[in-house]
Amino acid sequence: MNNKTLIPLVIVVTLTIGFLAGQSYKQKGNVQPLFGKLINQSSAQQPEDVDFRLFWEAWEALHAKFVDKDKLDPKALVYGAIEGMVAKAGDPYTVFFTPKEAESFAEEVNGAFAGVGIEIGTKDGYPVVVAPIKGSPAFNAGFKAGDKIIKIDSKGTEGMKLNEAVKLIRGKQGTQVILTYLREGNDKPEEVKLTRDIIKIPSVEWKMLEGNIAHLQIFSFNRNIGAEFRRAAEEIRKSSAKSIVLDLRGNPGGLLDASIYVADFFLAPNEIVVVEKFGDGRQQEYRTQGNGLLMNYPVVILVNQGSASASEILAGAIRDNRNVQIVGEKSFGKGSVQEVVELAQGSNLKVTIAKWLTPKGISINDNGIVPDIEVKITPEDIKKFEDLKKDKTKDELKDIQLEYDPQLDKARSLLK
């Protein structure tokens with residue numbers, strides 16, 4: 001697979017890999033220095049109605065008048081100016097990375113990083129949990145997709161930029177952060193203290209359910225998925241499985257090539273997986289090579305609001321090509337494409353360049369993946385499971401899972 005092509009699901013999210021589908025890395029030749037007369041030296045065409053002397057007038061006035069001149073860090077000022085310019089594009093996925101942030105982003109793409117293990121996006125002016133990573137501190141603390149983070153330590157988050165929220169939540173391994181969040185259906189916020197850790201992102205797990213149904217879960221589309229998914233597919237082929245529940249719930253995305261690779265197992269050769277539509281109207285189709293190892297199994301797909309980016313692409317591709325049913329809740333709706341441009345001195349610009357369409361032309365970014373059969377997991381379902389979990393072993397928990405998971409139960413009933 002070409003590991004440079006990604007599909008980010010929400011913004012940079014230096015907490016998890018997710019939302020990386022749709023990005024690509026592109027090194028920019030002859031990048032102008034970030035400092036000195038940057039704006040005036042640019043070879044880009046200057047807009048006729050903008051006089052860039054205004055920038056330097058403000059720069060000079062700040063340095064001449066500001067009371068604490070020793071606090072004026074030229075590098076930080078230039079980074080801040082670029083961040084402000086990029087933010088005015090009005091797209092939460094178009095982001096400037098300082099060298100340190102660019103390094104953290106690269107760690108996420110490689111599938112392991114320090115943090116608390118949540119993918120976050122932004123809704124209604126607040127950071128919101130897209131999905132917790134299985135086995136992470138946030139997952140073990142019970143965070144759910146849709147939880148609104150209203151405070152990080154002592155700082156309120158209303159109107160906070162996503163990059164700032166990420167910076168506050170991330171930290172050194174072993175340190176702690178307090179997150180205050182509000183869950184849909186609850187009147188009072190909850191406060192949780194999390195210990196930051198190295199987050200290792202799992203890819204694939206499967207188990208056999210009653211009725212010879214293979215429950216196949218994909219947690220993320222990272223660089224490790226290729227061998228793991230092929231091994232799982234071959235094991236399913238050798239098993240007594242007669243059908244598959246493909247579980248993409250809480251999957252925040254990952255590499256575009258990884259989602260195309262997985263689609264190959266479910267589809268025939270040369271079928272469209274996703275269409276990339278650019279601002280100038282150009283379109284690029286991504287098609288299967290087609291090994292088809294799992295294409296003859298009846299399939300039901302599970303999604304929820306934590307399913308995003310690459311997982312939305314896979315769900316849309318299989319439904320549009322095979323007319324399979326999707327069960328659960330409307331997915332997150334991260335369907336835009338970012339390109340990561342390498343700038344001077346180790347900084348990066350992640351910029352939205354296109355949108356994703358399903359094979360039937362549905363915009364993922366505008367619509368998400370709407371299930372054919374909507375089944376919600378209510379607070380009552382969650383409470384029931386929490387009560388059932390008490391004093392249960394890991395194996396016993398598997399046996400009672402269906403008692404709180406109506407989405408999986410519905411998928412099983414359809415396959416029966």
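Derivation of every value follows stated rules applied to the coordinates shown; laboratory data play no part. Keep in mind that this is a model prediction, so the values were computed, not measured. Cβ sites come from the backbone with ideal geometry, for glycine too, and all protein chains shown count toward neighbours.
In the structure shown, do any of K75/K167; K330/K383; K71/K167; K100/K148; K350/K410; K88/K193 have a Cα-Cα gap over 30 Å, and if so which? Too far apart for the 30 Å limit: K350/K410; K88/K193. Counting neighbouring Cβ atoms within 10 Å and putting the fewest first, the residues K383, K167 line up as K383, K167. Simple point charges give the picture: +1 on the Cβ of Lys and Arg, -1 on the Cβ of Asp and Glu, and for region 113-200 a dipole about the Cα centre of about 300 debye. Amide H contacts under 5 Å for S243: A214, restricted to partners 5 or more places along the chain or on a different chain, H placed in the peptide plane at 1.01 Å from N. Only one residue of A141, I198, I178 has its Cα farthest out toward the positive end of the dipole of region 113-200, where Lys and Arg carry +1 and Asp and Glu -1 on Cβ, and that residue is I198.
Here K151 is the anchor, and the aspartates and glutamates within straight C-alpha reach of less than 15 Å, apart from those fewer than 8 places off in the same chain, are D124, E164, E190, E191. Taking Cβ atoms as reference points and 11 Å as the exclusive limit, the residues near R287 contribute a net charge of -3, counting Lys and Arg as +1 and Asp and Glu as -1.
Cα centroid separation, region 137-179 to region 326-351: 20 Å.
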